[in-house]
Amino acid sequence: MLVLLNSSYEELSREAARIVEGAVRSKPSVTLGLATGSTTLGMYKELGRLHREQALDFSKVATFNLDEYLGLAAEHPQSFHCFMWENFFAHVNVEPGNIHIPDGTIAGDYEEYCSAYERAIREAGGIDLQILGIGRNGHVGFNEPTSSFGSRTRLKVLTNETLEDNRRFFGAGEEMPQCAITMGIGTILEAKKILLLATGAAKAETVAEAIEGPITASVTASCLQLHPDATFVIDEAAGARLKQRDYYRRVMEMTARFTPNRLL
Ligand code: GLP
């Protein structure tokens, strides 16, 4: 695992965008796994700028989003569909036909729908680069604590902590979805490369658990310890509880010197 410590949120956003840019430039038909959440906003903004000012071309890129709230239509302002269009797709040239986001309005055969989502990922050749945020309870996607490391795309009931964290985005009195469709940990771990972004002091404890704690389904982000090419792109505040910060800094320096490709 690589831990890239950045001095600020702006720097981590640029660093994450730089890695996505490298993936798109080296393979124009790259398949990206995308995440929502306020942490990703700076990265998406920077990718929009790279598209406008430096001709970063997404026309052959395929995307698969991690998750969507169950019960929210694409037009709902709090849906992850809306988030993705507002903050990313409207500012770059990904072909709408190449965009995949779980449908929050499906009813009935959820298992069949989720298997079809998995099939679509496989048919696209698998995910080359997966972007992740992290919930305060250590979740990736909506893989809440106790999610199996073998889990695939499925319907997941949200924990009270996640409901509390995300309620602020919904209007007063508005009912918040209790469930989501999310890629599983097994799905995520099959991506060829994974980037997890984290910012701010509120994430420091869970980031330390994910990187330096035991591998446990109680902190599903700790699954990344099992992945051969996972990178945490974090700022100083999110990394404040890491015991091995100095070591990660030395690894960053040495990696840049000896194996710079690892940073692409
Ligand atoms: C939601 C998403 C996660 C995301 C998390 C963190 O729960 N399902 O994929 O990582 O939010 O969000 P934020 O970046 O706003 O802290």
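The values are calculated or read from the model by the stated rules, or taken from the named source; none is laboratory data. Remember, it's a predicted structure, so these values are computed and weren't measured experimentally. Backbone-built Cβ (ideal geometry, glycine too); neighbour counts: all protein chains shown. Heavy atoms of the whole protein, side chains included, go into the accessibility calculation; ligands, DNA and RNA do not. Shrake-Rupley method; radii C 1.70, N 1.55, O 1.52, S 1.80 Å.
For the pairs 60/243; 27/156; 45/156; 156/193; 192/243, flag any whose C-alpha to C-alpha distance is greater than 31 Å. Table pairs above 31 Å Cα-Cα are 60/243; 27/156. For the chain, adding -39500 (n - 2.57) for each run of n ≥ 4 DSSP H residues and dividing by the number of residues yields -10500 deg cm²/dmol at 222 nm. The HN-Hα couplings worked out from phi for region 193-201 by the Karplus form 6.51 cos²θ - 1.76 cosθ + 1.60 (θ = phi - 60°) are 9, 10, 10, 10, 9, 8, 9, x, 5 Hz, whole numbers, x standing for Gly and Pro. Computed with the Debye formula from one identical point scatterer per Cα of region 52-206, without solvent, the log10 of I(q)/I(0) at q = 0.19 Å⁻¹ comes to -1.39. For region 160-264, a crude dipole built from +1 on the beta carbon of Lys and Arg and -1 on the beta carbon of Asp and Glu, taken about the Cα centre, is about 560 debye to the nearest 20. Note: relative contact order over region 2-263, using C-alpha pairs below 8 Å and six or more positions apart, is 24 percent. Accessible surface computed residue by residue for region 2-263, with neighbouring protein chains in place and a 1.4 Å probe, gives 44 Å² per residue. Sort all Cα-Cα distances of region 2-263 into consecutive 5 angstrom bins from zero, then give the percent of pairs in each bin up to the one containing the longest distance. Values per bin, smallest distances first: 1, 6, 13, 18, 20, 19, 13, 7, 2, 1, 0, 0.
Of the two radii for region 1-103, the radius of gyration is 0.96 times the Kirkwood radius, both from the alpha carbons; that is the Rg over Rh value. Full extension of the chain between residue 146 and residue 122 gives 6.1 nm of extra length, using 0.36 nm per residue less the Cα-Cα distance. Considering only 54, 130, 225, the mean-square fluctuation computed in a Gaussian network model of the chain, springs between alpha carbons under 10 angstrom, is largest for 54. Less than 15 Å apart at the alpha-carbon level, and either on another chain or at least 8 residues along: which aspartates and glutamates does that give for residue 203? Counting by Cα, and skipping residues close in sequence, residue 203 has these aspartates and glutamates nearby: 161, 165, 212, 235, 236.
When the chain is modelled as a GNM with alpha-carbon springs shorter than 10 Å, which of 84, 254, 176 fluctuates the most? In the Gaussian network model the winner is 254.
Under a model in which nothing but the beta-carbon of Lys, Arg (+1) and Asp, Glu (-1) is charged, region 2-263 shows a dipole of about 940 debye around its Cα centre.
Ligands, DNA and RNA left out, the 1.4 Å accessible surface of region 2-263 is 52% carbon and sulfur atoms. Projecting the Cα atoms of 85, 38, 252 onto the charge dipole of the chain (Cβ charges, centred on the Cα centre) puts 252 farthest toward the positive pole. Of all DSSP-defined beta bridges confined to the chain, some 30% are antiparallel rather than parallel.
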